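No value in this document is a laboratory result; all are computed from the given coordinates. Model, not experiment: these values are computed from the prediction. Cβ placement follows ideal geometry from the backbone for every residue including glycine, while neighbour counts extend to all protein chains displayed.
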Amino acid sequence: IHGRLLEAGMVLMMPSESNPEKTEEMRMAETIAIQKKSGLWARYPVLTPDNVTQAMGDYRVVEGTVQKTAVVKNNLYLNFGHDWKTDFTVMITPEVRKKLARRNIDPQTFANKKIRVRGDIRSYNGPFIELTNLESLELFP
């Protein structure tokens, strides 16, 4: 039922580490709705780093190309512009980095790579999402 609702754009995928085996299936269903601009996606499209500020305070999906990465106080920051004080940034905590490492994924190599993230958009040196679980991150080939 949840897959059908995702395909119709009636719900957003809320990834959880409790059932990671379903993540890819749910992403595929949601991608169908995104491409068709069905349901919620007609009103709340995937955001880009350029228009993310319109959704401050909301849970949204953002897609873009990482410009550079930086480690500060053991947190990894993915910057989507050239000015980290104002551009869109995703923070990856040490706990999430360890989980990525177990999957042989090094987010420090994400510069110039396209990714999709989802989460609560807040203001912290510009628009900001803290990555809370692996399933909230999608890498593009």
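Some observations on this one:
- Percent of Cα-Cα distances greater than 25 Å, calculated over the chain: 25 percent
- Computed over the chain with a Gaussian network model linking Cα atoms closer than 10 Å, the most mobile of LYS113, LYS36, LYS73 is LYS73.
- Base-10 log of normalised Debye intensity for the stretch 1-48 (one unit scatterer per alpha-carbon) at q = 0.13 Å⁻¹: -0.26
- CD proxy at 222 nm, helix term only [per DSSP H run n ≥ 4: -39500 (n - 2.57); per residue of the chain; nearest 500]: -6500 deg cm²/dmol
- Potential extension, LYS99-SER16 segment - 0.36 nm per residue separation minus Cα distance: 28.5 nm
- Largest-first principal axis extents of the Cα set of the stretch 15-76 (Å): 40, 31, 21
- The stretch 111-138 versus the stretch 1-57: alpha-carbon centroid distance in Å: 14 Å
- Charged neighbours of ALA55, selected by a Cβ distance under 11 Å, balance to 0 (K, R count +1; D, E count -1).
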